[in-house]
Each structure stands twice: as C-alpha cells, then as structure tokens.
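Trainee: There's a structure below that I have some questions on.
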Amino acid sequence: MPDTKKVREVHLQEYLETVALAHGEETTAAKAKALLKSHAELQFQRHGGGKCPMCRASVRHVIPVRTMHQDGTWHRYNCLCGRCFEGEKGLSHVTIMQIGDARVEYRSPDYKGTDDQRGKNRAARSAKA
Ligand SMILES: [Zn+2]
C-alpha cells in the first residue's frame, strides 16, 4: 500500500514548483496547461476525481470547461473526460479550461469573432489591478 502522505507531499511540491515557474513571467499556454494539470493532480490526491457529466466516465483531473458552440450558446462543465472534451472542442468555436487565473483557450481555426466572456475577464482583471 502506498504511503499517501508522501504522495501528497510529492504532488504539493510539484504544484508549488509549477506555480513558481508560472509566476512572475508572462504565463504562456504551456505554463498555464502545466499549472492546471498540476493543480488538478493535487486535487485528485486530496479529494479524488470526478465523473464526466456527459458519459459518466471517471475523470482524474477535474478542470472546469466552458465551450461556445457554433450556434453561439455557452456550455459549462465541472469537468469532462478526454473523449468528451475532444468532442466538445470539435463542436465549439471556443473551448476554455480555467482555474483561477490559469486559463487555456482553444479556438477553432475558422472562428474570427470575439466573445463577450473574454472581454469580461479582461475587465475583471484590470479592475483588480
Ligand atoms: Zn465523457
């Protein structure tokens, strides 16, 4: 049986190192992705995973996802499994994974529009500063 306390410390250390790397410099997509994954792994070690709301598959890394479908409607998920995430990404103009300020956004190549949510986040961020 693994020593769960030790596992947690290892993941906490990885998480803190990832935060330290992402902090201070401009957060690139790769850094944001690493930060999301590290945070989700730490949450998994502490609280366990989740269930995909679409197919009920077990999900290890619970990362909230928002998508804007091609009809302009927004959909929000507590988490998605890898298969449903790729499906939603394929159906959507915009796919956003976000925890706090760590954000990874995918846009379909043919989507040229701007979305209101993006503007709102910018406004909220500049209001904090
Ligand atoms: Zn699923």
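The values are calculated or read from the model by the stated rules, or taken from the named source; none is laboratory data. From a predicted model like this one, the values you see are computed outputs, not experimental measurements. Cβ atoms come from the backbone with ideal geometry, glycine included; neighbour counts cover every protein chain shown.
Trainee: Show the residue pairs meeting these rules: Cβ distance below 6 Å; 6+ apart or different chains; first residue within region 39-62 and in contact (Cβ under 8 Å) with a residue 24 or more places away in the chain and away from the ligand (no atom under 12 Å from the Cβ); second residue assigned to a helix (DSSP H, G or I) and not aliphatic (A, V, I, L, M).
Mentor: Going by the 6 Å Cβ cut-off, the qualifying pairs are E41/H11; L42/H11; L42/Y15; Q45/R8; Q45/H11.
Trainee: While we're looking at this one, here's another question. Does any residue in region 11-35 that is on the phi < 0 side of the Ramachandran plot come within less than 9 Å, Cβ to Cβ, of a residue that is of a type in the set (F, W, Y) and modelled with pLDDT under 80 six or more places away or on a different chain, and which pairs are these?
Mentor: Cβ pairs passing all conditions: L35/Y15.
Trainee: For region 77-116, enumerate the residues that are farther than 23 Å from S38 by Cβ, part of a strand (DSSP E or B) and either touching a Cys at 6+ places or on another chain (Cβ under 8 Å) or within 16 Å of the ligand (Cβ to nearest atom) (or both).
Mentor: S92
Trainee: Now, a different point. For the condition crowded, with 20+ Cβ neighbours inside 10 Å and within 12 Å of the chain's Cα centre (by Cα), what is the one hit in S92, S38? Working first, answer last.
Mentor: Working: S92 fails: within 12 Å of the chain's Cα centre (by Cα).
The match here is S38.
Trainee: Here is a follow-up. Scan G100, G72 and give me the residue that is farther than 21 Å from R46 by Cα, of a type in the set (G, A, S) and modelled with pLDDT under 95.
Mentor: Answer to the selection: G72.
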